[in-house]
Amino acid sequence: MTSAVRASEDPWDQMVHLVRVGVADGDRPALTWRTWVEFWRAALRDDELREEAHEVYHRWRGLVQEVVRAGITSGRFRSGLNPDIASHQIVALIDGIGIPLALGDPGLPAGQGTATKMVTDAVARLLGMRPRGEPGAD
């Protein structure tokens, strides 16, 4: 995933890619998220899996944090952001949509890409960007 993120030099494009991959609301979101839920469930009871889960999260948050830092440095994201806190918030937004996707929640707005758009819009606001479709947005 690191090379795919670095395919663009624009931190916002990189972040959109991370959100798209993280939310995974393409053809089979329920299967993808159920796999993660089962992994986390097993990790609650198995020390080795728990350690692996911590490592996966550490790498994932590190990649998100790297993109946040690049965006702040370039002036693309608002100054004053704490990259550590922002990366935790972004990962929480992605994971937060995963449970309804895993459950096939009928209350979740329908449409392929809808969950990604919801999270991308929230991340845009967090980073000081305007979501696409708003005046002055990218």
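Extension gain, Thr73 to His58: 0.36 nm times the residue separation minus the Cα-Cα distance gives 3.2 nm. FRET efficiency for the pair Arg125 and Ser8, taken as 1/(1 + (r/R0)^6) with r the Cβ-Cβ distance and R0 = 30 Å, rounds to 0.90. How far apart, in nanometres, would the label points at Phe39 and Asp84 be if each is projected 7 angstrom from Cα along the Cα-to-Cβ direction? Each label point is offset 7 Å from its Cα along the Cβ direction, giving 2.5 nm. Between the helical axis of 29-43 and the longest alpha-carbon principal axis of the chain there is an angle of about 60 degrees. Against the chain, whose longest principal axis is taken from its Cα atoms, helix 83-103 shows a tilt of about 50°.
Taking a ≥ b ≥ c as the square roots of the eigenvalues of the Cα gyration tensor, an a/c ratio of 1.5 or more together with a/b no larger than b/c marks the range 15-124 as oblate.
Compute the helix-to-body angle for 114-127: its Cα long axis versus the longest principal axis of the chain, expressed 0 to 90° and rounded to tens. The two axes meet at around 50 degrees.
Quick note: the coordinates plus some simple rules give every number you see, no bench work behind them. Not measured: the values here are computed from a predicted model. Here Cβ is always computed from backbone atoms with ideal geometry, including for glycine, and neighbour counts include all displayed protein chains.
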